[in-house]
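Written below as structure tokens is the structure these notes are about.
The values are calculated or read from the model by the stated rules, or taken from the named source; none is laboratory data. Please read these numbers as outputs of a predicted model, since none were measured by experiment. Glycine gets a Cβ as well: all are built from the backbone with ideal geometry, and neighbour counts include every protein chain shown. For accessibility, only protein heavy atoms count, side chains too; no ligands or nucleic acids. Shrake-Rupley method; radii C 1.70, N 1.55, O 1.52, S 1.80 Å.
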Amino acid sequence: MTTISIDHVSRWFGNVVAVNDVTMDIGPGVTGLLGPNGAGKSTLINMMGGFLAPSTGTVTLDGATIWRNEQVYRSIGLVPEREGMYDFLTGKEFVLANAELHGLPDPGAAARRALATVEMEYAQDRKISTYSKGMRQRVKMASALVHEPSVLLLDEPFNGMDPRQRLQLMDLLRRMGADGRTVLFSSHILEEVEQLAHHIEVVVAGRHAASGDFREIRRLMTDRPHRYLVRSSDDRQLAAALIADASTAGIELDWTERALRIQAIDFRRFTELLPRVAKEAGIRLYEVSPSDESLESVFSYLVAA
Amino acid sequence: MHPTVARLTLKGLLGRRRTILLVALPVLLIVISVAVRALSGQDDSTSADILSGFALGTMVPIIGVMAGTGAIGPEIDDGSIVYLLAKPITRPTIVLTKLVVAICVTVAFAAVPTFIAGLALSGTSQRIAIAFGIAATASSVAYAAIFLLLGVVTRHAVVVGLVYALVWEGLLGSLISGAKTLSVQQWSLSLAEKIAANGVVDSDVGLPTALVLMVVVTVGTTWFAGQKLRSLTLAGEE
């Protein structure tokens with residue numbers, strides 16, 4: 001049972017604040033670090049992996065400082081996002097080298113076990129330079145698993161994987177989490193995180209925006225006011241009919257756009273209401289478009305909440 | 001020393017393209033030496049000129065740049081160094097291992113060919129071959145350490161290294177007398193001066209000064225590289 005503690009950590013690069021006063025504990029099980037690109041996920045993972053010093057605050061592994069402490073790597077397995085990985089070796093040589101670098105008593109057996117875990121035995125004698133992105137990702141996994149670490153840190157592990165590889169990796173990470181290991185992975189895709197993580201930490205613009213069970217996060221994300229732009233054959237009548245329902249909070253008649261700006265507070269009910277009301281009143285809908293569905297706006301709503 | 005780190009470093013260093021570069025210069029030196037000997041016969045002062053000018057002045061530093069920066073620079077550039085650093089191995093051990101590999105490669109591709117070229121030019125006459133062989137070995141050690149540090153601290157290590165090797169060591173070192181005291185080439189020449197027969201080799205630095213400076217530079221740069229690697233920050237990640 002290993003816990004990584006991030007305590008009042010900030011990190012800035014020159015004038016740019018990448019991580020702003022974040023405090024979180026990552027415990028056993030699978031945790032997803034969710035946030036849009038540039039939110040500070042990699043910065044956090046680099047600090048947890050000992051490749052970046054916090055500007056202020058502490059990052060510890062079961063109480064031991066991670067920065068400048070090589071001993072923490074006995075219990076940390078790292079899967080970096082970058083692709084550089086001794087392309088001139090075969091997959092097997094690479095994983096074996098990692099086992100040797102860990103000083104394992106039987107590096108050969110450990111390497112075989114790790115390669116079997118990620119199902120890469122079939123290509124283990126090929127040079128890494130010939131691997132596809134998904135294969136590289138799996139060999140990286142094998143190299144991180146070779147010493148059976150209690151903590152696994154993965155930076156955007158699903159990037160560039162095809163759906164089948166994605167499912168395989170998710171399955172593997174789930175098993176690792178079920179074994180009681182501390183698994184942390186970063187992603188900017190909500191669906192990915194929600195399928196895999198039992199616990200989610202959301203970072204936005206360097207700040208810790210939300211933390212909790214994926215259902216809570218999902219609710220926070222779907223329960224926020226949704227904004228729509230609607231054009232119809234009779235905007236005024238449609239507005240009158242819609243505002244009568246509890247699922248809408250505000251409607252504005254936008255004269256320059258010749259459209260309705262609708263703020264819905266019950267997303268599901270509103271999406272059923274709109275077509276029904278229009279049909280009953282004989283109004284034709286020309287356009288219904290969500291005006292703030294970008295991931296960034298979802299996240300920024302979370303930060304404000 | 002860590003055998004796996006050494007193996008990975010050596011394999012990385014002796015990739016096909018770099019090996020061709022590493023082989024080209026010593027082959028050129030030996031061909032020139034054989035040709036000079038065949039065309040104008042044995043002349044020890046010509047031998048000393050070729051060995052100090054081309055071998056010590058140009059070839060050893062260039063091979064040193066390739067081996068020293070190549071032992072660590074590419075791994076830092078492409079991020080694969082993570083796989084070495086995220087291990088329970090002290091960073092100074094990694095630096096020391098890489099230094100030993102870089103020294104071996106520089107000695108093999110620069111110092112040994114210098115000795116062979118010396119033999120081709122002058123045979124065993126006036127201990128010229130052995131003097132320059134040992135001088136080249138000593139400078140291989142210093143260059144490997146200096147350029148390994150460069151490989152750790154800058155992404156443009158090869159360019160900076162070549163500029164240093166050619167401008168500082170080659171040009172300023174032979175024009176400005178103050179610069180000579182701080183030139184690896186001059187330090188190794190003072191070693192050659194001591195070993196070879198009197199008057200064959202000429203150096204501007206006293207042997208004790210040269211040896212002390214050489215040791216200080218080698219140990220200092222290696223220690224510093226170890227410290228830099230301890231706080232290596234992985235930049236360039238989106």
field: Degrees separating the helix B:3-13 axis from the principal Cα axis of chain B, which is the longest one
entry: 70
query: Total Å² of accessible surface buried at the B-A contact, 1.4 Å probe, nearest 100?
result: 3000
message: What distance in nm separates the two pseudo spin-label positions at B:Ile32 and A:Ser10, each 7 Å out from Cα along the beta-carbon direction?
response: 5.9
- line: Residue separation between B:Val23 and B:Lys194 times 0.36 nm, minus their alpha-carbon distance, gives in nm 58.6 nm
query: So what are the protein assembly as shown's ellipsoid semi-axes, whole angstrom, largest first, if each one is the square root of 5 times an eigenvalue of the alpha-carbon gyration tensor?
result: 63, 25, 21
- request: Quote the FRET efficiency, to the nearest 0.05, computed for B:Val112 versus A:Thr56 with a Förster distance R0 of 56 Å and r equal to the Cβ-Cβ distance.
  value: 0.60
- prompt: If you line up the long axis of helix A:295-304 against the longest principal axis of chain A, both from Cα atoms, how many degrees apart are they, to the nearest 10?
  reply: 90
message: How shielded is B:8-17 by partner chains, expressed as the average number of their Cβ atoms within 10 Å of its Cβ atoms?
response: 2
Computed lengthening from A:Asp179 to A:Glu280, 0.36 nm per intervening residue step minus Cα-Cα distance: 30.8 nm
statement: Quick calc, B:Gln42 & A:Arg207: beta-carbon distance into FRET formula, R0 51 Å, rounding 0.05, result 0.10
query: Non-local amide H neighbours of A:Thr90 (under 5 Å, H modeled in plane, Pro and chain starts lacking H): which ones?
result: A:Ile128
query: Looking at this model, which pairs from A:Lys41/A:Lys140; B:Lys11/B:Lys87; A:Lys92/A:Lys133; A:Lys133/B:Lys98; A:Lys140/B:Lys11; B:Lys98/B:Lys228 are more than 22 angstrom apart at the alpha-carbon?
result: A:Lys133/B:Lys98
- line: Nearest 10, in degrees from 0 to 90: the angle of helix A:133-145 to the longest Cα principal axis of chain A is 60
query: Could you work out the helix-only [θ] at 222 nm for the protein assembly as shown, with each DSSP H run of four or more residues adding -39,500 (n - 2.57) and the total divided by the number of residues, to the nearest 500 deg cm²/dmol?
result: -15500 deg cm²/dmol
statement: Residues of segment A:41-56 that bury at least 50 Å² of accessible area, probe 1.4 Å, when all protein chains are present rather than the chain alone, are A:Phe51
query: If you plug each phi of segment A:235-242 into the Karplus form 6.51 cos²θ - 1.76 cosθ + 1.60 with θ = phi - 60°, what whole-Hz ³J(HN,Hα) values come out, in order, with x for Gly and Pro?
result: 4, 5, 5, 4, 4, 4, 5, 6
statement: Compactness check, segment B:3-230: C-alpha Rg relative to the 2.2 N^0.38 Å globular estimate gives 1.01
task: Provide the packing ranking of A:247-258, A:224-235, A:265-276, i.e. peptides ordered by the mean count of other C-beta atoms within 10 Å per residue, highest first.
output: A:224-235, A:265-276, A:247-258
statement: Inter-chain shielding metric for A:31-38, i.e. average beta-carbon neighbours from other chains within 10 angstrom, reads 0
- prompt: Got a sec to turn the phi values of segment B:23-32 into Karplus ³J(HN,Hα) couplings, 6.51 cos²θ - 1.76 cosθ + 1.60 with θ = phi - 60°, whole Hz, x for Gly and Pro?
  reply: 7, 4, 4, x, 4, 4, 4, 5, 4, 4
With all protein chains modelled, accessible area of B:Val153 [1.4 Å, Å²]: 70
message: Using 10 Å bins from zero, what percent of all Cα-Cα pairs in segment A:223-292 falls into each bin?
response: 22, 63, 15
query: Taking H as built 1.01 Å from N, whose amide H comes closer than 5 Å to the amide H of A:Gly77, not counting residues under 5 places away?
result: A:Val151, A:Leu152, A:Leu153
field: Protection proxy ranking of A:29-38, B:196-205, B:113-122 - average other beta-carbon atoms within 10 Å, highest first
entry: B:113-122, A:29-38, B:196-205
statement: In short, segment B:79-96 residues buried by 10 Å² or more of accessible area relative to the isolated chain (1.4 Å probe) are B:Gly79, B:Ser80, B:Val82, B:Tyr83, B:Leu84, B:Leu85, B:Ala86, B:Lys87, B:Pro88, B:Ile89, B:Thr90, B:Arg91
message: Computing the accessible area with a 1.4 Å probe over protein heavy atoms, can you report the carbon and sulfur percentage for segment A:223-292?
response: 48
Equivalent ellipsoid dimensions for segment A:4-221 as semi-axes, Å, which come from the Cα gyration tensor, largest first: 28, 20, 16
Contour excess over end-to-end distance, with Cα ends at A:Arg268 and A:Ala64 and 0.36 nm allotted per residue: 68.7 nm
message: If DNA, RNA and ligands are ignored and the probe is 1.4 Å, what is the ranking of B:Leu56, B:Leu182 by accessible area, most exposed first?
response: B:Leu182, B:Leu56
task: Could you check the simple spin-label distance between B:Val153 and B:Leu172, using points 7 Å along Cα→Cβ, in nm with one decimal?
output: 1.4
Shielding by partners - mean other protein chain Cβ count within 10 Å, residues of A:87-96: 2
- request: Roll a 1.4 Å probe over the protein chains and send me the accessible area per residue for segment A:1-63 in Å².
  value: 37
query: If you place +1 on the Cβ of every Lys and Arg and -1 on the Cβ of every Asp and Glu, how big does the dipole about the Cα centre of chain B come out, in debye to the nearest 20?
result: 680
query: Once phi is turned into θ = phi - 60°, what whole-Hz ³J(HN,Hα) does the Karplus curve with 6.51, -1.76 and 1.60 give for every residue of segment B:175-182, x standing for Gly and Pro?
result: 9, 9, 5, x, 5, 5, 5, 9
